[in-house]
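**Q** Have a look at this one.
The values are calculated or read from the model by the stated rules, or taken from the named source; none is laboratory data. Remember, it's a predicted structure, so these values are computed and weren't measured experimentally. Note that each Cβ is placed from the backbone with ideal geometry, even for glycine, and that neighbours are counted across all protein chains shown.
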Amino acid sequence: MTSQQLNNLVKVGQLKAEPGSQSEFDGLLRSGRARLIDARNVTLSIESRFDLAYNAAHALALSALRWNGFRSENRYLVFQTLEHTLGIAPAVWRVLAMCHDRRNLAEYEGHLEVDDQLIADLIKATELLLEKVSALGAVPN
């Protein structure tokens, strides 16, 4: 699903072209799946559930980028490229981008503002990523 937009991001230094590795892909998929399972645990604090779901989404989005033969050191860009790596609609990756902003506020300013609806939306988006990433199959050579 490599697109001209991803190649353009390489040209401007936002992405790096780098062949994917099956073991890296499998590890990211496994991590995303495990974290998503834990994020659904309503006995955990809302902060923990957010952290788990966000990190699951990031692992899955990164696995899609790596499957397509690209790498990014920018977490936000990993979510922005979902339209090109998995065919994810902008409305979905915008939820992930908003969660990225909330995560940054928590990490760098100590302020986390999440509620049950945001967690539900994040988990729903992450479940979609899991479905799409799981369908990719073996990493192309």
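**Q** Please verify whether segment 43-50 includes one or more residues that are modelled with pLDDT of 95 or more, surrounded by 20 or more Cβ atoms within 10 Å (Cβ to Cβ) and aliphatic (A, V, I, L, M).
**A** no
**Q** Cβ-Cβ distance below 7 Å, separation of 6 or more or different chains: which pairs start in segment 1-23 with a residue that is assigned to a helix (DSSP H, G or I) and end on one that is β-branched (Val, Ile, Thr) and surrounded by 12 or more Cβ atoms within 10 Å (Cβ to Cβ)?
**A** As it stands, the answer is 6/81; 22/139, since those pairs meet every condition given.
**Q** Taking residue 88, is it part of a loop (DSSP other than H, G, I, E, B), over 18 Å from residue 20 (Cα atoms) and at pLDDT 90 or above?
**A** Yes, satisfied.
**Q** Let me ask another. Quick one: would you say residue 48 is of a type in the set (S, T, N, Q), outside any strand (DSSP E or B) and more than 14 Å from residue 126 (Cβ to Cβ)?
**A** Considered against the rule, which asks whether it is of a type in the set (S, T, N, Q), outside any strand (DSSP E or B) and more than 14 Å from residue 126 (Cβ to Cβ), residue 48 comes out as yes.
**Q** Looking for something farther than 15 Å from residue 129 by Cα and in contact with a Phe, Trp or Tyr (Cβ under 7 Å, 6 or more places away or on another chain) - is there at least one such residue anywhere in segment 2-9?
**A** So far as segment 2-9 goes, yes, one or more of its residues are farther than 15 Å from residue 129 by Cα and in contact with a Phe, Trp or Tyr (Cβ under 7 Å, 6 or more places away or on another chain).
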